[in-house]
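Novice: Let me give you the structure first, and then I'll get to my questions.
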Amino acid sequence: MATIYIDNKPYEVKDGQNLLQACLFLGFNIPYFCWHPAMHSVGACRQCAVKQFRDEKDTRGKIVMSCMTPAADGARISIDDPEVKEFRASVIEWLMLNHPHDCPVCDEGGECHLQDMTVMTGHSYRRTRFRKRTHRNQCLGPFLNHEMNRCIQCYRCVRFYCDYAGGRDLNVFGSHHHVYFGRYEDGILENEFSGNLVEVCPTGVFTDKTLKKHYTRKWDLQTAPSVCVHCGLGCNTIPGERYGKLRRILNRYNGEVNGYFLCDRGRFGYEFVNSKERIREPLIRNKDNGALEPASEERVLGHLSNILYFGAKVIGIGSPRASLEANFALRTLVGPERFFPGISEKEHQLTSAAIEILRKGPARTPSLRDVALSDAVFILGEDVINTAPLLGLALRQSVRQKPMEMVKRLNIPLWDDAAAREVIQHEKGPLFIAATHGTKLDEIAARTYNGSPDDLARLGFAVAHALDPSAPAVPDIGEDLIPLAQSIADSLKSAGSPLIISGMSTGSEAVLHAAATIVWALCRDNGNAALSFVMNECNSIGLGLMSGGSMNGAFDLNKAFDLVEEGKVDAAIVLENDLYRREDREKAERFFERCKHVIVIDHLFNNTAAKAEVVLPAGTFAESDGTLVNNEGRAQRFYQAFVPEGGIQESWRWLRDAMTASRRPVQWQSLDHVLSAMANEMPVFRTVAEIAPPAGFRIAGQKIPRQPHRYSGRTSIHANISVHEQKPPDDSDSALSFSMEGYEGMPPAPFITRFWSPGWNSVQAVNKFHCEVGGPLHGADPGKRLMEPTVSGEISYFQKVPQAFEPRKDELLMVPLHHIFGSEELSVLSPAIAERTPKPYLAISREDAGRLQVDQESELEIVISGRTYRLRGIINPSLPRGVAGLPVLAGLEGITLPAWGRVGRKA
Amino acid sequence: MFSLLRTMWNVFLHAFRKRETVLYPEVKPYIPPRWRGRIILSRDPDGEERCVACYLCAVACPVDCISLQAAEDEHGRRYPEFFRINFSRCIFCGFCEEACPTYAIQLTPDFEMGEYVRQNLVYEKEHLLISGPGKYPDYSFYRVAGLSIEGKDKGEAENEGPPVDVRDLMP
């Protein structure tokens, strides 16, 4: 700890900080632009000036940039000195010289860091009479709007985009006051994290283009703490609603999970909530004409009581994209032995294997913060940028860990970003990637290897064997693999906190076993060795834990299909699940044919809903409360952002009503009742209720408002319907209210509905909510880990090493290729994401292309398990011989991969 | 006794004084132009809607009686998709006019807004928008703003230099 004196008062601060961050986290307001908590200092904008004094006798002092000055013990500074205040006012006056008269039509207005800083320094009158420089804008794709006139040259955008996120197509051009931030020419910003520029840019140069289509100011958005549903990482988000429509997603800081950033799928995938495909009323199939018709709630529940009569054989098909509460309600209705997780046999097998490895082994799952701090990483069979994008962003930081030791040796403070990068140059820490195909992270990897899933597993076992000779040896290992395995093993062994990443996307259990064997071999010497599995969906782990996480595969979708086939089922309830995405089309068709009554609870009208007898409208993540368990095993609560119109309610409420209607009554009035029932029933979810305070929680007798205190239009929004104002809706499920009234101070971390602080309207207010850069939110970061490793006991390695892959003569092994835009079920319904989704194709290796005489873009005919697909061919040189990549995209769902397929040119 | 009679006399004299009462509604009183009466939305000198849907009036409104939704037309101009004022809540404080950065929303000297049905006091954009510029005949926001719209390119607003050629390295 160091003691610094600010305006002659002593304060204790942590060592190794600069004055700006020390002052900000102490609660002082110093204006700044180029500093960002994740990207540290470069001293470019000259805005954060303070006066530093030599000792207490020094009265003159000198003006220094606080972001570039260490908060050394005994430092004496003044923030309020008149001279330094005048200096800061003149800096902002220069920055505003060219700023256009745009605020009323600027999407940043009301949450603009430049507005806040201008007000903070007191600059209010334009004295200059000279002309403003202007710039032409660029079209940057469906996500971002570009308005270069507003730029104040803080360089944050390129520092984030190029230095932090590894992008290459945004840069700074020109010289002197003509400096321009953009692409070389118009075009889509390629980086998967480009959306963060909306939050990184202190003014309105980069703004959210999807928000612009239904623009609303920050002060008018009703917001709630939420969790992203578009991949397994569970990033924390803040969805904002106005007039019954979801308007945008902002990042919600969580030090353990997503930190300061989100990926573009998470940020722009929200529009499925406003989709035309939404189910908004309960539907019942008309027996006469076979059409689904809207029905009242009473009629639907009456109908359900007939189908689900006491003694009826009902099965429940759960979903990895539904909340724990919804799945639990379904499990309660049908009974544990008739509850099926609703995932394919293969996925169930892999999920169970992953959970078993994580619970029975000694390796811990790392949070994303831990991932960014790992100093050696081995990715086995996963394309993380496409399957779990933010994990990729964390890995881009992890390769800086080892080179940062050089920076430490030179006594350069870690926050001195420009100097640190100058020292590091292009030095990278050890990152090894073994995947079926080339991935985007290959550019930062030390070594890469591409092979079939079996070959990946063999490489993994070879690494494990090199680490610990008692691990199984790989028979007939190729000469080229031994040195590679050895060098990976050496790097992992010499690292302080090595990390192995694997996941579902190869569809191979052997790959998971190989990853586990490596990390267990590491764990013998190094307790810090960590293992992270990338899961397919937002609640895959939660559903796996609920269905017991058993290896025997007793509960998968096929078993449910078999039961229906045997005629042992009267009715099936499908919860938020499209069976056509899970299993083969014929099997799904057969299921709907044979099952007497199918009840579907979902929010989107998909193929499954189209086959149902009863369809119940469920709330999306923005319209319901619930808990999701991410790939780390961290259970996180999301809260309802708004009350939807129509008959939509939470899935668990529909299931409760169905239980009550069919004489299986449960006393569930609010979410807390479901949580306590779940904790009683399943000990693994014991701590889930403790993630956030219960619904009865009050601060000074008040709830926490979802609406900002400046929320407008209260007496006018519904005035066109009735001039008599309605009471705001009650929320019996949480301590949040659908109103602007309530506790205005800082809420507990799980209830942060927005980042705002007096004088800080922009997202930079986040600095007031946590106490050090990258540190936890005040209180603690929300979320509870449900899985911890078993440390004691003997480790028994997996012994089964697969045979080397043999390419077949007339068939290719189809492996899945995931796409950040397009492979996820919900986000593809957002127009912006749909615009970035590739058309279906088949990627084949160069050798196979030569053998089959296929050119780029030629039409191919592919036969997989009896079904024929016509796709364009793309030559992907990174694919190994005998392996083809089939993208996970609409039109190609329901194929269990990897699978052998026949490829030929279109006749 | 005397004072009683004097009072009665004074009252009687008032019968011959000039009337202060106006025979409203037959006679309309003089209302100064800056009177804060019925709110209107004005148009700029080119006849386009002045309102750019910036939401400042709505947020300034102390009774929250203004709601609107922003949209953008094919020329790149922002406009309110709907604009609603609930006059049954309005207190005619004029904060909206003060907040308006484009002189779009203005208070007028019209106060005759009585209704038998409260619902009729909800005014939509079609009731609010007038055909002229109101109190500020010359101001047009887009001539000042840096945003380019159809017919006004980058660098053509007041006090703006021509767009920079980024590839030019001349000092």
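Novice: Using a Debye calculation, one point per C-alpha and no hydration shell, please list log10 I(q)/I(0) for region A:622-770 at q = 0.12, 0.13, 0.15, 0.17 Å⁻¹ in order.
Specialist: -0.64, -0.74, -0.95, -1.15
Novice: Once amide H atoms are built 1.01 Å from N in the peptide plane, which residues 5 or more positions from A:Ala884, or in another chain, come under 5 Å H to H?
Specialist: A:Leu813, A:Met814, A:Val815
Novice: Suppose we look only past 42 Å in the calculated P(r) of chain A. What percent of the Cα-Cα pairs does that tail hold?
Specialist: Numbers: 150789 of 410871 pairs.
It works out to 37 percent of all Cα pairs.
Novice: Tally Lys/Arg at +1 and Asp/Glu at -1 over every other residue whose Cβ is under 9 Å from the Cβ of A:Val205; what's the total? Don't skip to the end; give the middle numbers.
Specialist: Values: positive: A:Arg150; negative: A:Glu108, A:Glu147.
My count for the surroundings of A:Val205 gives -1.
Novice: Using unit Cβ charges (K, R positive; D, E negative) and no other charged atoms, how large, in debye to the nearest 20, is the dipole of region A:638-793 about its Cα centre? Spell out each step's value before the answer.
Specialist: Details: 15 positive and 15 negative charges, 19 e Å.
The calculated dipole for region A:638-793 is roughly 80 debye.
Novice: Pairs to check: A:Lys360/A:Lys408; A:Lys218/A:Lys768; A:Lys14/A:Lys402; A:Lys218/A:Lys440. Give those whose C-alpha atoms are more than 26 Å from each other in this structure.
Specialist: Working: A:Lys360/A:Lys408 38 Å; A:Lys218/A:Lys768 18 Å; A:Lys14/A:Lys402 23 Å; A:Lys218/A:Lys440 35 Å.
Violating the 26 Å Cα-Cα cut-off are A:Lys360/A:Lys408; A:Lys218/A:Lys440.
Novice: As a test of the definition: which semi-axes, in Å, follow for region A:134-213 when you take the square root of five times each eigenvalue of its alpha carbon gyration tensor? Largest first, please. Mind showing how you got there, number by number?
Specialist: Details: eigenvalues 57, 42, 29 Å².
Calculated on Cα positions only, the semi-axes equal 17, 15, 12 Å.
Novice: Pick out which of B:Arg36, B:Arg143, B:Arg84 has the largest mean-square fluctuation in a Gaussian network model of chain B, springs linking Cα atoms closer than 10 Å.
Specialist: B:Arg143
Novice: Please give me, ordered by residue number, the trypsin sites (Lys or Arg not before Pro) of region A:809-907 that lie in loop per DSSP and have at most 13 other Cβ atoms within 10 Å. Provide the component values of the computation, followed by the final result.
Specialist: Working: sites: A:Lys809, A:Arg836, A:Arg846, A:Arg851, A:Arg867, A:Arg870, A:Arg872, A:Arg881, A:Arg902, A:Arg905, A:Lys906; in loops: A:Lys809, A:Arg881, A:Lys906.
Counting only loop positions with at most 13 other Cβ atoms within 10 Å, the trypsin sites (Lys or Arg not before Pro) in region A:809-907 are A:Lys809, A:Lys906.
Novice: Here is a further query. Would you pull out the residues with amide H under 5 Å of A:Ile379's amide H, same chain only if 5 or more places away, H placed 1.01 Å from N?
Specialist: Excluding prolines and chain starts, which carry no amide H, the hits are A:Phe432, A:Ile433, A:Ala434, A:Ile501.
Novice: While we're here: In whole Å, what are the extents of region A:1-87 along the principal axes defined by its C-alpha atoms, from largest to smallest?
Specialist: Computed over region A:1-87, the largest-to-smallest principal extents equal 36, 31, 19 Å.
Novice: Enumerate the calculated ³J(HN,Hα) couplings along region A:526-537 in order (Karplus 6.51 cos²θ - 1.76 cosθ + 1.60, θ = phi - 60°), each rounded to whole Hz, writing x wherever the residue is Gly or Pro.
Specialist: So the J values, rounded to whole Hz, are 10, x, 7, 4, 10, 9, 10, 9, 7, 9, 6, 10.
Novice: Can you tally the net charge around A:Cys106? Count Lys and Arg as +1, Asp and Glu as -1, for every other residue whose Cβ sits under 11 Å from the Cβ of A:Cys106. Walk me through the numbers on the way to the answer.
Specialist: On the way: positive: A:Arg150, A:Lys212, A:Arg217, B:Arg78; negative: A:Asp102, A:Asp107, A:Glu108, A:Glu111, A:Glu147.
Here the count lands on -1.
Novice: If you average the sequence gap of Cα pairs under 8 Å that are 6 or more apart and divide by the length of region A:2-95, what percent do you get for the contact order? Numbers along the way, then the final one.
Specialist: Values: 162 pairs, mean separation 33.3, N = 94.
After rounding, I find 35 percent.
Novice: Using +1 on the beta carbon of Lys and Arg, -1 on that of Asp and Glu, and nothing else charged, what's the dipole of the protein assembly as shown about the Cα centre, debye to 20?
Specialist: Numbers: 124 positive and 135 negative charges, 443 e Å.
It works out to roughly 2120 debye.
Novice: Once you put a point 7 Å from the Cα of A:Lys14 and another 7 Å from the Cα of B:Leu4, both along the Cβ direction, what distance in nm separates them?
Specialist: My value for the distance between the label points is 9.1 nm.
Novice: Need one number: convex hull volume per residue for region A:330-405, Cα atoms only, in Å³. Could you put the intermediate results ahead of the total?
Specialist: Numbers: hull volume 10.6 nm³, N = 76.
Per residue, the Cα convex hull of region A:330-405 comes to 140 Å³.
Novice: Ok, one more. Mean residue ellipticity at 222 nm from the helices of chain A, using -39,500 (n - 2.57) per DSSP H segment of n ≥ 4 over the full residue count, to the nearest 500 deg cm²/dmol?
Specialist: Numbers: 26 runs with 229 residues, N = 907.
One gets -7000 deg cm²/dmol as the mean residue ellipticity at 222 nm.
Novice: Just rank A:Phe378, A:Phe798, fewest to most, by other beta-carbon atoms within 10 angstrom.
Specialist: Working: A:Phe378 28, A:Phe798 22.
By the 10 Å Cβ count, ascending, the order reads A:Phe798, A:Phe378.
Novice: How high is the relative contact order of chain A? Use alpha-carbon pairs under 8 Å, at least six apart in sequence, and give a whole percent.
Specialist: Details: 2026 pairs, mean separation 132.9, N = 907.
That works out to 15 percent.
Novice: From the phi angles alone, apply the Karplus equation (6.51, -1.76, 1.60; θ = phi - 60°) to region A:822-828 and give each ³J(HN,Hα) in whole Hz, x where the residue is Gly or Pro.
Specialist: Using θ = phi - 60°, the values come out as x, 7, 9, 4, 7, 5, 5 Hz.
Novice: Moving on to the next point. Using the Kirkwood radius over Cα pairs, work out the Stokes-Einstein diffusion coefficient for region A:40-121 at 10 °C and 1.306 mPa s, in µm²/s as a whole number.
Specialist: Working: Rh = 14.4 Å.
Diffusion coefficient, whole number: 110 µm²/s.
Novice: Rank by packing, highest mean first: peptides A:888-894, A:284-290, B:60-66, A:653-659, with packing defined as the count of other Cβ atoms within 10 Å averaged across residues.
Specialist: Details: A:888-894: 17.0, A:284-290: 11.0, B:60-66: 20.1, A:653-659: 23.6.
My ranking of the peptides, most packed first, is A:653-659, B:60-66, A:888-894, A:284-290.
Novice: Considering the options A:Leu292, A:Gly109, A:Ala457, tell which one lies farthest towards the positive end of the dipole of chain A, charges being +1 on Lys and Arg and -1 on Asp and Glu at the Cβ, about the Cα centre.
Specialist: A:Gly109
Novice: In µm²/s, what is D for chain B at 37 °C and 0.692 mPa s, where D = kT/(6 pi eta Rh) by Stokes-Einstein and Rh is the Kirkwood radius from Cα pairs?
Specialist: Working: Rh = 19.7 Å.
Approximately 167 µm²/s, per Stokes-Einstein.
Novice: Same structure again: Tell me the Rg and the Dmax, in Å, that the Cα atoms of region A:812-905 produce.
Specialist: Cα-based Rg and Dmax for region A:812-905 come out at 13.1, 40 Å.
Novice: Please work out the Cα convex hull volume for region A:364-528 and give it in Å³ per residue. Don't skip to the answer; put the middle values down first.
Specialist: Working: hull volume 18.6 nm³, N = 165.
With only Cα atoms used, region A:364-528 gives 113 Å³ per residue.
Novice: Non-local amide H neighbours of B:Glu160 (under 5 Å, H modeled in plane, Pro and chain starts lacking H): which ones?
Specialist: A:Lys132
Novice: Would you kindly give the portion of the calculated P(r) for region A:480-542 that falls above 14 Å, as a percent of all Cα pairs?
Specialist: Working: 1199 of 1953 pairs.
Summing the P(r) of region A:480-542 above 14 Å gives 61 percent of all pairs.
Novice: Apply the Karplus parameterisation 6.51 cos²θ - 1.76 cosθ + 1.60, with θ equal to phi minus 60°, to every residue of region B:25-30 and state each ³J(HN,Hα) to the nearest whole Hz, in sequence, with x for glycine and proline.
Specialist: The phi angles translate into x, 5, 10, 8, x, 7 Hz.
Novice: Listing A:Arg54, A:Arg524 from the residue with the fewest other Cβ atoms within 10 Å to the one with the most, what is the order? Before the final figure, lay out the partial values.
Specialist: Values: A:Arg54 10, A:Arg524 13.
With the fewest neighbours first, A:Arg54, A:Arg524 line up as A:Arg54, A:Arg524.
Novice: Further question on the same structure: Taking the Cα centre as origin and putting +1 on Lys and Arg beta-carbons and -1 on Asp and Glu beta-carbons, what dipole magnitude results for region A:364-528, to the nearest 20 debye?
Specialist: On the way: 14 positive and 20 negative charges, 109 e Å.
The dipole magnitude comes to about 520 debye.
Novice: Please report the relative contact order for region B:34-143, taking Cα pairs under 8 Å with a sequence separation of at least 6, and give it as a percent rounded to a whole number. It would help to have the intermediate numbers written out before the result.
Specialist: Working: 213 pairs, mean separation 44.2, N = 110.
Computed value for region B:34-143: 40 percent relative contact order.
Novice: Cut-off is 10 Å between beta-carbons; in what order do A:Trp900, A:Trp415 appear when sorted fewest neighbours first?
Specialist: Values: A:Trp900 15, A:Trp415 22.
Starting with the residue having the fewest Cβ neighbours, the order is A:Trp900, A:Trp415.
Since every read-out is calculated from the coordinates, none of them should be taken as a lab result. Remember, predicted model here, so these are calculated numbers, not experimental data. Reconstructed Cβ throughout: ideal geometry from the backbone, glycine too, with neighbour counts over all protein chains shown.
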